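These notes are about the structure you will find just below.
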Amino acid sequence: FTPIAPVAQYTLSMTVGPGTPPEVKTVADFVAWAKANPGKLAYGSTGIGTSPHLIMEELAENAKVDLVHVPFKGNADLTQALLGGHVMAQSDATGWDKYVDGGQMRLLVTFGEQRTKRWPSVPTAKELGYGVVSTSPYGLVGPKGMDPAIVKTLHDAFKKAMDDPKHLELLAQLNQDPWYKSSDDYAKWARETFAKEKRLIDKLGLAGK
């Protein structure tokens with residue numbers, strides 16, 4: 001592919017629900033419980049090899065704990081499992097927002113560079129010292145070997161649209177942050193991210209699955 005421009009990034013996080021021990025109120029509590037009960041803390045994600053899966057495995061690696069991953073087909077099934085107490089935690093984007101605001105789930109940590117505007121009291125994994133930063137951003141690409149002049153035309157047009165107040169308002173409603181880089185910087189980010197995630201996927205034995 002030829003990178004053109006990134007657009008926005010999701011808010012990824014870990015939430016807990018009714019099946020979580022009541023003493024687990026923070027990420028430190030979560031890690032302590034996992035260490036005291038190796039192989040018993042089951043968390044759900046939206047699928048094997050997805051960003052929500054990989055960030056939890058990176059967190060587990062950095063925190064030196066053993067977690068049990070339970071993959072689901074999507075957000076709906078995952079949310080039902082957490083609310084039903086079938087898993088102790090879930091890693092996902094903000095499809096859970098109304099449940100957190102309504103008190104059915106607790107938001108323990110987010111995985112962005114900075115705290116979110118909507119939940120400013122919730123810490124990031126980075127500030128807690130776990131070194132996990134991921135937002136599963138998305139953007140625009142074209143075919144490999146695309147004419148640089150066409151890339152520039154598309155980049156400039158989409159950049160103008162991305163700065164439109166209506167677009168920024170919509171992103172806020174979706175708990176997403178605008179995420180802009182030049183085409184060259186976007187390509188550099190993609191290469192670095194691919195290398196980082198490939199290492200983790202290889203370590204987990206997920207290559208080819």
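The values are calculated or read from the model by the stated rules, or taken from the named source; none is laboratory data. Note that the structure is a prediction, hence the values are computed from the model and not measured. Please note: Cβ atoms are built from the backbone with ideal geometry, for glycine as well, and neighbour counts cover all protein chains shown. Calculation scope for accessible area: heavy atoms of the full protein, side chains included, ligands and nucleic acids excluded. Shrake-Rupley method; radii C 1.70, N 1.55, O 1.52, S 1.80 Å.
Taking a cut-off of 17 Å between Cα atoms, list the lysines near Lys159, but don't count ones fewer than 8 places away on the same chain.
Straight-line reach from Lys159, under 17 Å: Lys181.
Using DSSP to define loop residues, name the trypsin sites (Lys or Arg not before Pro) in the range 46-155 whose beta-carbon has at most 10 other beta-carbon atoms within 10 Å. Show your work: numbers first, answer last.
Details: sites: Lys64, Lys73, Lys98, Arg106, Arg115, Lys117, Arg118, Lys126, Lys144, Lys152; in loops: Lys64, Lys73, Arg115, Lys117, Arg118, Lys126, Lys144.
The qualifying sites are Lys64, Lys73, Lys117, Lys144.
Please work out which option in [x] 16.8, 54; [y] 18.2, 58; [z] 20.7, 67 gives Rg and Dmax of the Cα atoms in Å calculated from these coordinates, and answer with its label.
This structure yields the entry labelled [y].
What distance in nm lies between label points placed 7 Å from Cα along the C-beta direction at Gln173 and Lys64?
About 4.8 nm, to one decimal.
For Asp156 and Arg191 in one chain, what is 0.36 nm times their gap in residues minus the Cα-Cα distance, to one decimal in nm?
Values: separation 35, 0.36 × 35 = 12.60 nm, distance 2.24 nm.
Net length gain for the segment: 10.4 nm.
State the answer as a single residue: which of Ala149, Pro22, Val65 lies farthest towards the positive end of the charge dipole of the chain, with beta carbon charges of +1 for Lys and Arg and -1 for Asp and Glu, about the Cα centre.
Value: Val65.
Could you work out how far apart the two model spin labels at Asp163 and Ala42 are, taking each label as a point 7 Å from the Cα in the direction of the beta carbon, and quote it in nm?
Result: 5.1 nm between the two label points.
Given a cut-off of under 8 Å on Cα pairs at least six residues apart, what relative contact order in percent is computed for the range 1-106? Show your work: numbers first, answer last.
Numbers: 160 pairs, mean separation 43.0, N = 106.
The value is 41 percent.
Using unit Cβ charges (K, R positive; D, E negative) and no other charged atoms, how large, in debye to the nearest 20, is the dipole of the chain about its Cα centre?
On the way: 24 positive and 23 negative charges, 43 e Å.
Computed charge dipole of the chain: roughly 200 debye.
Could you rank Thr26, Thr135 by how accessible they are, 1.4 Å probe, largest area first?
Values: Thr26 65, Thr135 20 Å².
Listed by decreasing accessible area, they come as Thr26, Thr135.
Given Cα pairs under 8 Å that are at least 6 residues apart, what percent is the relative contact order of the chain? It would help to have the intermediate numbers written out before the result.
On the way: 344 pairs, mean separation 73.4, N = 209.
Result for the chain is 35 percent.
Assuming 0.36 nm per residue, please report the length gained on full extension of the stretch Asp101 to Tyr180 beyond their Cα-Cα distance. Mind showing how you got there, number by number?
Numbers: separation 79, 0.36 × 79 = 28.44 nm, distance 2.90 nm.
Extra length available between Asp101 and Tyr180 comes to 25.5 nm.
Work out the FRET efficiency for Phe1 and Glu23 from their Cβ-Cβ distance, taking R0 = 41 Å, and round it to the nearest 0.05. Don't skip to the answer; put the middle values down first.
Numbers: r = 47 Å, r/R0 = 1.14.
According to the calculation, E is roughly 0.30.
Counting heavy atoms of the protein chains only and a 1.4 Å probe, report the per residue accessible area for the chain as a whole number of Å². Each step should come with its number before you reach the end.
Values: 11150 Å² over 209 residues.
Roughly 53 Å² per residue, with all protein chains present.
I'd like the carbon and sulfur percentage of the solvent accessible area for the range 14-78, probe radius 1.4 Å, heavy atoms only, ligands and nucleic acids excluded.
58
Using a 1.4 Å probe on the protein heavy atoms, what percent of the accessible area of the range 129-191 belongs to carbon and sulfur?
61
Among Asp163, Asp66, Asp97, whose mean-square fluctuation peaks in a Gaussian network model of the chain (Cα, cutoff 10 Å)?
Between Asp163, Asp66, Asp97, it is Asp163 that shows the largest mean-square fluctuation.
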